[in-house]
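Reviewing the structure listed below.
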Amino acid sequence: MNKEEQLFNDICPYPDSMFHEKMEHLVKEPGFEHAVKWVLPQVDFQEFCKELLQVQDKETFQRKIMWPFLEMLAAKTTSGVTMDGVENIDCSKAYTFITNHRDIVLDTSFLNLCFLRAGLPTTEVAIGSNLLIYEWISDLVRLNKSFIVKRNLPRAKALEAASELSAYIHYAVSDRRQSVWIAEREGRSKDSSDLAQDSLIKMLGLAGEHDFHDNLMEINLMPVSISYEYDPNDYLKAREFLLKRRNPDFKKSQRDDLFSMETGLLQPKGRVHYTVGNTLTDELKELPNDLDKTSIARDVCQLIDCQIHSGFKIFPINYIAYDKLHDTDEFACHYNADDVVGFERYIDEQLAKVEDVPDLTADDMAYMQKMMLTMYANPLKNKMSASRYCRK
């Protein structure tokens, strides 16, 4: 382990020098065995472990193990994973890919799948410590090129963690020429109205040898839009909205997070599409010299939002949801009667899964239905706004 790896050894991906040792430990974990057999019910676990133990580094792990697994998962749970804008990526450069957040596990997994298909290097992945419920999960993600974002810390510790995280991202992108991925905000937007979080931008600019503006310039921020036709967690989000309406202090449990991860991983998603935008370098250069950090972060968030919203792929269900929510037929030319019937049936079937909330009323069901329509209407709403207000 070199000096830099030692500096970031509690958050960075495991170095290849430790790969085999950590894999040997991982395959002996009962929780890992249970997860593998649950996701791959037909697998011969002992043979699978032998294959894993022949792998000696992270890149080989991603290409020999993760790539076939993700192709299988895409075939079973999607109607296709596609990408456009790949020509915007210069293979000689490293980027900080920043995206909206749709799925806890698959946002970057499918992004890296698209990169593998295109012959591009995969990214390192930011993952919140709140999701690393067991030690073996932490080991698995760090073997798969993930770095840790420390969550739920006291204020003083949170600032230290933010500085460490920023320094690691700058080290990865600027020194190692390794691209990274991070979501534009902490946690998913429950209503699918994706907005970049200025605190994230401020974190990214903490490290570096220059001022805040130039620190952001050096990590090559590149927005990427993620569009899911169906969100397997939509009914869980609607349920959470309802529980928060009943009790504003409601908070999800670790079990809720695990179930969201499982649902997002294995349930149908329809079509999944990525749109790679352009780096923010030119726009950052044009910002006035006298802006303070808060103003720069605000403007960068707006630039990210404009690119991500503009890049959304809009599906018939988005048009249907918008028209239903606003009691209009403005977008009726984008769908037919069968599409409407199918979408209504889908909403009913998803909401029927909300079985553990006591004393559900007709008003509760109507509220959850409205929230689901909102989730599917918001990508279209935001794309329309971007077309009017964002610079071309």
About its Cα centre, how strong a charge dipole does region 212-338 have in debye, to the nearest 20, once Lys and Arg get +1 and Asp and Glu get -1 at the Cβ?
700 debye
Counting only heavy atoms of the protein chains, get the accessible area per residue of region 163-291 (1.4 Å probe) and round it to a whole Å² value.
42 Å²
If I build a Gaussian network model for the chain, linking alpha-carbon pairs within less than 10 angstrom, which residue out of Cys333, Cys12, Cys49 has the largest mean-square fluctuation?
Cys333
Might you list the cysteines of the chain that have no disulfide-compatible partner by the rule of another cysteine's Cβ under 4.7 Å?
Cys12, Cys49, Cys91, Cys114, Cys301, Cys333
How much accessible area does Lys37 have with a 1.4 Å probe, in Å² rounded to the nearest 10?
90 Å²
Note down the nm distance, to one decimal, between modelled labels 7 Å out along Cα→Cβ at Ala366 and at Lys93.
5.3 nm
Are there GluC sites (Glu not before Pro) in region 145-250 that DSSP puts in a loop and that have at most 11 other Cβ atoms within 10 Å, and which ones?
Glu209
Rounded to the nearest 10 Å², what accessible area does His20 have for a 1.4 Å probe in the complete protein model?
60 Å²
On a 1.4 Å probe surface of the protein chains, which of Leu206, Leu7 comes out largest in accessible area, and what is the full order?
Leu7, Leu206
Would you give the gap between the C-alpha center of region 34-60 and the C-alpha center of region 327-392, rounded to a whole Å?
39 Å
Quick check: at a probe of 1.4 Å, how many percent of the accessible area of the chain sits on carbon and sulfur atoms?
49 percent
Percent antiparallel among DSSP beta bridges with both residues in the chain, to the nearest 5?
20 percent
Residues with beta-carbon under 12 Å from that of Leu266, excluding Leu266: net charge, scoring Lys, Arg +1 and Asp, Glu -1?
0
Where a Cα-Cα gap under 17 Å defines reach, which lysines qualify for Lys324, not counting those fewer than 8 residues away within the same chain?
Lys370, Lys381
q = 0.18 Å⁻¹, region 272-392: log10 I(q)/I(0) [Debye, one scatterer per Cα]
-0.97
Gaussian network model of the chain, springs between alpha carbon atoms under 10 Å - residue of Lys269, Lys22, Lys190 with greatest fluctuation
Lys22
Which one, Ile317, Trp181, Leu52, is farthest towards the positive end of the dipole of the chain when Lys and Arg carry +1 and Asp and Glu -1 on their Cβ?
Ile317
Taking Rh as the Kirkwood radius, which is the inverse of the mean 1/r over Cα pairs, what is the Rg/Rh value for the chain?
0.96
At a Förster distance of 25 Å, what's the computed FRET efficiency of Val86 paired with Glu59, Cβ-Cβ distance as r, to 0.05?
0.80
Residues of region 1-93: accessible area per residue with a 1.4 Å probe, Å²:
59 Å²
Mean shadow area of region 112-191 over all directions, Cα convex hull, nm²
6.8 nm²
Measuring from its Cα centre, region 322-392 shows a charge dipole (+1 at each Lys and Arg Cβ, -1 at each Asp and Glu Cβ) which, in debye to the nearest 20, is 840 debye
With a 10 Å cut-off between alpha carbons and a GNM built on the chain, which of Ile182, Ile314, Ile133 moves the most?
Ile133
Run the 1.4 Å probe and let me know the accessible area of Asp90, rounded to the nearest 10 Å².
60 Å²
Using helices alone, I'd like the mean residue ellipticity at 222 nm for the chain: each DSSP H run of four-plus residues gives -39500 (n - 2.57), total over residue count, nearest 500.
-15500 deg cm²/dmol
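The values are calculated or read from the model by the stated rules, or taken from the named source; none is laboratory data. What you are looking at is a predicted structure, and each value in this text was computed from that prediction instead of being measured. Cβ: placed from backbone, ideal geometry, glycine included. Neighbour counts: every protein chain shown. The protein model used for the area step is the full one, side chains on, heavy atoms only, and it has no ligands, DNA or RNA in it. Shrake-Rupley method; radii C 1.70, N 1.55, O 1.52, S 1.80 Å.
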